[in-house]
Structure formats: structure tokens, C-alpha cells
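Colleague: So that we are looking at the same thing, I have put the structure below in C-alpha cells.
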Amino acid sequence: MRHRKKAAEKNVPSRPLVCAVLDLMVEFIVTHMMKDFPMDLYMRCVQVIHKLICYQKKCRIRLHYTWRELWSALINLLKFLLSNETVLLAKHNIFHLALLVVNLFNMFITYGDTFLPTSNSYDELYYEIVRMHQIFDN
């Protein structure tokens with residue numbers, strides 16, 4: 001990517017393909033927050049994340065992934081939707097996307113103990129939610 005250099009890691013451990021998909025979804029969320037909002041792509045992105053988490057929950061797969069990046073990207077997406085609500089509402093139904101994102105957090109809170117790798121990950125989730133409570137309140 002031209003706008004951000006990725007640090008070259010020599011000893012990268014092998015990871016499941018789902019980690020690469022989640023990385024791609026996080027990268028898309030972070031890099032496509034703009035006034036010309038690609039709503040259909042965001043809907044698909046959040047739905048892909050939802051499907052992956054549902055599968056993890058169903059199969060009780062504890063994926064070792066940096067969940068904090070995903071949570072931060074989703075919180076920043078909500079923040080973007082709230083701050084540009086008047087512009088985006090004229091073109092899109094942003095409430096459906098916001099509902100999907102909040103439902104993702106609901107899944108993490110309710111079922112996170114079945115698929116988050118450690119209790120520390122669960123604590124980080126609560127920390128992020130409490131830290132950014134204003135966004136969820138709005």
C-alpha cells in the first residue's frame with residue numbers, strides 16, 4: 001500500500017486463512033472511510049466478519065488473532081458513521097450497518113468466551129467498550 005508501509009517480518013508463523021481474511025476486512029474498514037461511502041461493500045465486509053465469528057462460535061474454534069485491531073476498526077467505523085450522519089443519511093441507510101456492527105459487539109460480549117483465545121482477550125474487549133462508551137451511547 002502506498003499510504004502505509006507494512007513492516008517486513010522475516011519469521012512469520014503460519015496462520016489459518018481466516019486470519020488473512022480478517023486482516024483484509026480490517027484493512028478495508030480502516031482505509032475506505034470517505035464521504036463517497038461504499039455502503040454495499042461495507043455491508044458485505046461486516047457480514048463476512050459476522051459469518052466467520054458465527055462459524056467460530058458454532059465450532060468452538062479459539063482463533064489466535066489480534067482482535068483489538070478488529071474492535072478498533074469497528075469502533076472507528078461507528079465513530080465515522082456518527083460524525084458524518086447527516087451527509088451519509090441522504091444517500092444510505094446507515095442504521096442497518098450500525099446495527100450489524102453493534103450486533104458483532106453483542107456476539108463478542110455474549111459468546112466471546114467460546115471463541116476468544118484467552119480471558120485476557122475478553123478483558124481487552126471490555127476495556128475497549130468502556131473506553132469508547134460515548135460512541136456506543138450515541
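Colleague: PRE reach from PHE136 (point 7 Å along Cα→Cβ): which of the stretch 57-77 fall under 18 Å by backbone N?
Modeller: 67-77
Colleague: Another question, then. Which angle between 0 and 90 degrees, to the nearest 10, do you get for helix 94-115 versus the longest principal axis of the chain when only C-alpha atoms count?
Modeller: 20
Colleague: How much solvent-accessible surface does ASP137 expose, in Å² to the nearest 10, with a 1.4 Å probe and all protein chains in place?
Modeller: 110
Colleague: Continuing with this model, one more query. Here are a few candidate values for mean projected area of the Cα convex hull in nm²: [x] 9.8; [y] 11.1; [z] 9.1. Which one was actually calculated from the structure I just gave you?
Modeller: Given [x] 9.8; [y] 11.1; [z] 9.1, the structure-derived one carries the label [z].
Colleague: Which distance in Å, rounded to a whole number, links the C-alpha centroids of the stretch 17-60 and the stretch 106-136?
Modeller: About 17 Å separates the Cα centre of the stretch 17-60 from the one of the stretch 106-136.
Colleague: With +1 on each Lys and Arg Cβ and -1 on each Asp and Glu Cβ, and nothing else charged, work out how big the dipole of the chain is about its Cα centre, in Debye to the nearest 20. Kindly include the intermediate steps, with their values, before the conclusion.
Modeller: Numbers: 17 positive and 12 negative charges, 94 e Å.
The calculated dipole for the chain is roughly 460 debye.
Colleague: If ligands, DNA and RNA are left out, what is the accessible area of LYS79 with a 1.4 Å probe, given in Å² to the nearest 10?
Modeller: Result for LYS79: roughly 90 Å² accessible.
Colleague: Sticking with this structure for a sec: As a check on your grasp of the helix formula, calculate [θ] at 222 nm for the chain: sum -39500 (n - 2.57) over DSSP H runs of n ≥ 4, divide by the residue count, round to the nearest 500.
Modeller: Values: 7 runs with 98 residues, N = 138.
My calculation for the chain gives -23000 deg cm²/dmol from helical runs alone.
Colleague: Would you mind calculating the gained length between THR114 and LYS79 on full extension (0.36 nm times residue separation, minus the Cα-Cα distance), in nm to one decimal? Walk me through the numbers on the way to the answer.
Modeller: Values: separation 35, 0.36 × 35 = 12.60 nm, distance 2.79 nm.
Using 0.36 nm per residue and subtracting the Cα-Cα distance, I get 9.8 nm.
Colleague: Right, next: With the other protein chains left in place, how much accessible area per residue, in square angstrom, belongs to the stretch 9-138 at a 1.4 angstrom probe? Can you show the working numbers first?
Modeller: Details: 7680 Å² over 130 residues.
Using a 1.4 Å probe on heavy atoms only, each residue of the stretch 9-138 averages 59 Å².
Colleague: So between ALA90 and VAL30, what do we pick up on full extension, going 0.36 nm a residue minus the alpha carbon distance? All intermediate terms of the calculation are to be shown ahead of the outcome.
Modeller: Numbers: separation 60, 0.36 × 60 = 21.60 nm, distance 2.23 nm.
Value of the extension gain: 19.4 nm.
The values are calculated or read from the model by the stated rules, or taken from the named source; none is laboratory data. A quick note: this is a predicted structure, and the numbers were derived from the prediction, not measured. Neighbour counts run over all protein chains shown; Cβ positions are idealised from the backbone, glycine included. What goes into the accessible areas is simple: the full protein's heavy atoms, side chains included, and nothing from ligands, DNA or RNA. Shrake-Rupley method; radii C 1.70, N 1.55, O 1.52, S 1.80 Å.
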